[in-house]
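Bear in mind that the values in this text are calculations on the coordinates, not laboratory data. This one's a predicted model, so the numbers in the text were calculated from it and none came from an experiment. Cβ atoms come from the backbone with ideal geometry, glycine included; neighbour counts cover every protein chain shown.
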Amino acid sequence: MLPFLRTDLAQLAAYQAHPQTPPDAASAIAPPVLDRLDTNESPVDLPEELKQKLAWTLQTAIESNRYPDGGHHALRQAIAEYVNESAHLPAGFGAESISVGNGSDELIRSILIATCLGGNGSILVSNPTFSMYAILAQTLGIPVIAVNRTAHFEIDLAAAQTALTQTQAPPVRVVFVVHPNSPTANPLTPAEITWLQSIPAHVLVVIDEAYFEFSQTTLVGEIRHRPNWMVLRTFSKAFRLAAHRVGYAIADPAAIAVLEKVRLPYNLPSVTQAAAQLALAHRAQLLATIPELQQERDKLSAALSQHPALQIWSSQANFIYVTLNGDISPATLTAIHQTLHQQGTLIRQIAGGFRITVGTPEENARTLSRFMGAIATLPSC
Ligand SMILES: *Cc1c(COP(=O)(O)O)cnc(C)c1O
């Protein structure tokens, strides 16, 4: 360990996009074409004509020698309109209620800086959930309080309430939930929402709606009455812009103003802002593909459910969470993962199960046959 570094960082592993595929091993065993179904991206690129428009914008309208618009004014206005439309709020939010980040990951870090840094707070999460909240908190020396979920992956509300009221030095300042949750794909229940509503005003409630376009359930309307609530969304999933890194937060303008203070001044490249505006301008076209993806998801879920060894969890997102019935060792799960990887299907092994992104119909057909094939080789199946 280099002597000038914080000692707590020695224990921390860097985030890996594809954790089960060490680069050397992957290149040695993986076939040339991989079905990349481990990071919940859209399986299809932007339509060709939109890529051409974006290229044209880059060539003609973006001055490479100039800094980007550091206030993201046009983009924030366009996002506000989309948010209002998505939540059926005719006179809803304006640009002052929106902050944009270099992916919602950046917004998560800004939230942590604004609330917990310097011994001011801990965060509360309920596992299994999106790992980035805890990872980013740890990089900032912020304590992470984790409570478990029940057998059906609902938050253990009694444990969460105890953690909320009893955590001291520093107290819980932010509760992070995903709606619907990753990796388990279930939306918040009415009981969970009621609990979130009971959280006092000195604790920030962050509802991560990264998969909103697939679930069509949003809590964004609550923000108008709740200055301690914030909704996060992203362009990385339904809007097919993972390469461009755009996420946004919706909250009370006072909270948004603080996120704007703590972020880097030019956090979004000009071409990224243009890509997000283009996607929003063509949102009807882009979002029209969602019903087909939902049908593919339900078809894949139903087909996998046929196998008695598999438990398929109901999904409101663009991925499916699968667990195996009975006493399955981590080594067995890893073997299944490896088998699929060798055949060209990359999925995420996580929290004692598998998270499988819904891909194209062809990818899903391959997923089904390869997964069933891998399960069939298990001694107990
Ligand atoms: C994919 C995902 C995000 C998106 O992160 P970006 O940084 O915007 O790409 C955020 N939250 C959750 C729960 C996700 O699954």
Could you tell me what percent of the DSSP beta bridges with both partners in the chain are antiparallel, to the nearest 5?
50 percent
Over the chain, what relative contact order in percent results from Cα pairs under 8 Å that are six or more residues apart?
22 percent
Peptide ranges 94-106, 264-276 listed from the most packed, as the mean C-beta count within 10 angstrom indicates:
94-106, 264-276
Exposed loop sites here are trypsin sites (Lys or Arg not before Pro) in DSSP loop states with at most 14 other C-beta atoms within 10 Å. What is the longest stretch of the chain lacking them?
67-381
Can you list the lysines whose alpha carbon sits under 20 Å from that of K51, skipping same-chain ones fewer than 8 residues off?
K237
For n ≥ 4 DSSP H runs only, could you compute -39500 (n - 2.57) per run for the chain, divide by its residues and tell me the 222 nm figure to the nearest 500?
-12000 deg cm²/dmol
